[in-house]
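Structure first, then comments.
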Amino acid sequence: MAWADKLKSNEFAVVAEMETPKGVDISDFVAAARQLKGRVDAVLIPDMSFAVMRLGALSGAVVLKQQGLEPIVQFSCRDRNRLALQADLLGAQVLGVTSVMAVAGEPVAMGDHLDAKPVYDLTPASFLEAAAGMAKGLDLAGQELKGKPKFCLGARIEPWADDAELAQRLTEAKAAVAKGASFLVAPAVFDLEAFGEFMKQAKGLGVPVIAGVLLLKSVGMARYLNQNLPGVAISEATIRRIRSASDRTAECVKIAAETIKGLKPLCGGALIITAGWEDRLPEILDASGL
Amino acid sequence: MITAVRKPLEEIMGFAAPYSRVLLLGCNECVTVCYAGGRKEVGILASALSMAFLKEGKKLDIVEQTLERQCDPEYVEEIAQTIDQYDAVFSMACGCGVQTVAGRYKDKPVFPMVNTMFMGASERQGVWAERCAGCGECVLGRTGGICPVARCSKRIFNGPCGGSTKGKCEIDPGVDCAWQLIWDRLKALGRTDLYSEIMPAKDWRSAKDGGPRRIVREDLLS
């Protein structure tokens, strides 16, 4: 089922995130993709997340499409100006990749090319405007296009640390939907109760919210996230659970699966993020009963 | 110097609409040298604003004052005793000055009266041109004293692009090709060897691209 149709079906959508390889050896990437075929509704391909140079997201999307998967491509505003972003939107369309979303992109200072010149010409909001305008046949300069592209547009809800920030995020999300976003990707969930409270407010947005489920890999990672990611509060009970497990990785898989199960009645879907551990995705899906 | 040009009167009128008494604050530094926001321009703008308001049958009380430097907290302190008399401050300084005033007097609206343009030099009376982009890692020693970052339209290194014709830039025949200027000067200096040295991809961290910058001089800290 195409991603746009899945969104309309009101069924819980399962999306896996897959990083492209750093290099041209795509064997592991393809192997991980094959394991997902028929098990997820879409695969989200980040665009050089954390400013680490790797195979372009659109190229990765085409590879995944060849494997029979439904790709959602991210476009980072950090690396391309409005000409390049629009050109690649057209490129995605002719390559059969129609589900797209923009992200601002983490700062160059977080990545592996510290001396690079970032772009930030468009914001994710103006990217949505550009894509929506192109679907009507006009580019950002008001020039007519030969053939109108048709996109399924998404937008990200950035993290929030308090109620004031949450109100801001909801306003941004509402604006994104008004600009044409037909799905929203929410930050990783570690507290289902708090997320449930958020969803009470987010339900009114009118489009499916796909919640992030980040696979924890260690106690250290959990502590790091608690300290460095806004709005993340992984409970001491969860951390204790990982620490005392005989097989810590298996326990982390179990925690992710429990989160996915818990999200089912709350929102439109889950985005499973394994951050390099894509080979664990089938285990997570098995444990989630998906 | 930092160059600036005054904003259109209509825009300033829009800022002034809700107020009856404002402080029109000039700056004695860069904006004085480029005739955008010094004592003289404060007087001219005050007259223009008053007349424009009178024409609309309204009155705006404008108090004129010019500080030595608006980008220096020490001088900005001079208006501390009188600031409460005004509804707003209309600053004729560059963006640095406007922000220093706004940062010091947090409950007072501060509006810019000029558009800050660039770091430039005077070419002749009435003409200023961009000369420095503040990239944080000066290459002028290798480029004959002519900056490719500030003066090449594409900010490229290692020679001109294909759009350089007869010493002019393709974006505008009135714009000199920076790399032609660099070549000519290196030739005059007998240092064309520098032109042949390929400069590595620029490290943009020291420029604005690494985020807002600051200088901390430990030896001067009090």
(message) I need the helices (runs of 4 or more DSSP H) fully contained in the stretch B:115-222, keeping only those with at least 2 residues that are exposed (fewer than 15 other Cβ atoms within 10 Å of the Cβ), of a type in the set (A, V, I, L, M, F, W, C) and more than 14 Å from chain A (Cβ to nearest Cβ).
(response) B:178-189
(request) Those residues that are under 27 Å from A:Gly231 (Cβ atoms), in a loop (DSSP other than H, G, I, E, B) and either in contact (Cβ under 8 Å) with a residue 60 or more places away in the chain or not polar (S, T, N, Q) (or both), I need them from the stretch A:120-163; list them, please. (result) A:Tyr120, A:Leu122, A:Ile157, A:Glu158, A:Pro159, A:Trp160, A:Ala161, A:Asp162
(request) Mind listing whichever residues of the stretch A:93-136 are under 17 Å from the mean Cα position of the chain (by Cα) and of a type in the set (Gly, Ala, Ser)? (result) A:Ser99, A:Ala102, A:Ala104, A:Gly105, A:Ala125
(request) For A:Lys200, state whether it is closer than 30 Å to A:Cys152 by Cα and of a type in the set (Lys, Arg). (result) yes
(message) If I filter the stretch A:105-121 for residues that are modelled with pLDDT of 95 or more and away from every other protein chain (no Cβ under 14 Å), do I get at least one hit?
(response) no
(message) Based on this model, can you work out whether A:Gly220 counts as farther than 30 Å from A:Ala250 by Cβ, of a type in the set (Gly, Ala, Ser) and either surrounded by fewer than 16 Cβ atoms within 10 Å (Cβ to Cβ) or at pLDDT 95 or above (or both)?
(response) no
(message) Just to be sure before I move on: is B:Glu41 outside any loop (DSSP other than H, G, I, E, B) and either surrounded by 23 or more Cβ atoms within 10 Å (Cβ to Cβ) or not assigned by TED's automatic domain parsing to the domain that holds B:Val63 (or both) in the structure I sent?
(response) yes
(request) Output the residues belonging to the stretch A:118-140 that are exposed (fewer than 15 other Cβ atoms within 10 Å of the Cβ) and either touching a Cys at 6+ places or on another chain (Cβ under 6 Å) or closer than 30 Å to B:Cys135 by Cα (or both). (result) A:Thr123
(request) Out of the residues in the stretch B:39-79 that are among the hydroxyl-bearing types (Ser, Thr, Tyr) and under 23 Å from B:Tyr105 (Cβ atoms), state the one that is nearest to the chain's Cα centre (by Cα). (result) B:Thr66
(message) If I ask for residues that are buried (at least 17 other Cβ atoms within 10 Å of the Cβ) and without any contact (Cβ under 8 Å) to a residue 24 or more places away in the chain, which ones from the stretch A:168-194 would you list?
(response) A:Arg169
(request) Give the stretch A:236-276 a look and list any residue that's assigned to a loop (DSSP other than H, G, I, E, B), under 25 Å from A:Phe183 (Cα atoms) and not basic (Lys, Arg), or say none. (result) A:Pro265, A:Leu266, A:Cys267, A:Gly268, A:Thr274, A:Ala275, A:Gly276
(message) Every residue in the stretch B:82-99 that is surrounded by fewer than 20 Cβ atoms within 10 Å (Cβ to Cβ) and polar (S, T, N, Q), please.
(response) B:Thr82, B:Gln85, B:Gln99
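The values are calculated or read from the model by the stated rules, or taken from the named source; none is laboratory data. Since the model is a prediction, treat every value here as computed from it, not as a measurement. Quick reminder, even Gly has a Cβ in these numbers, built from the backbone with ideal geometry, and neighbours come from all protein chains shown.
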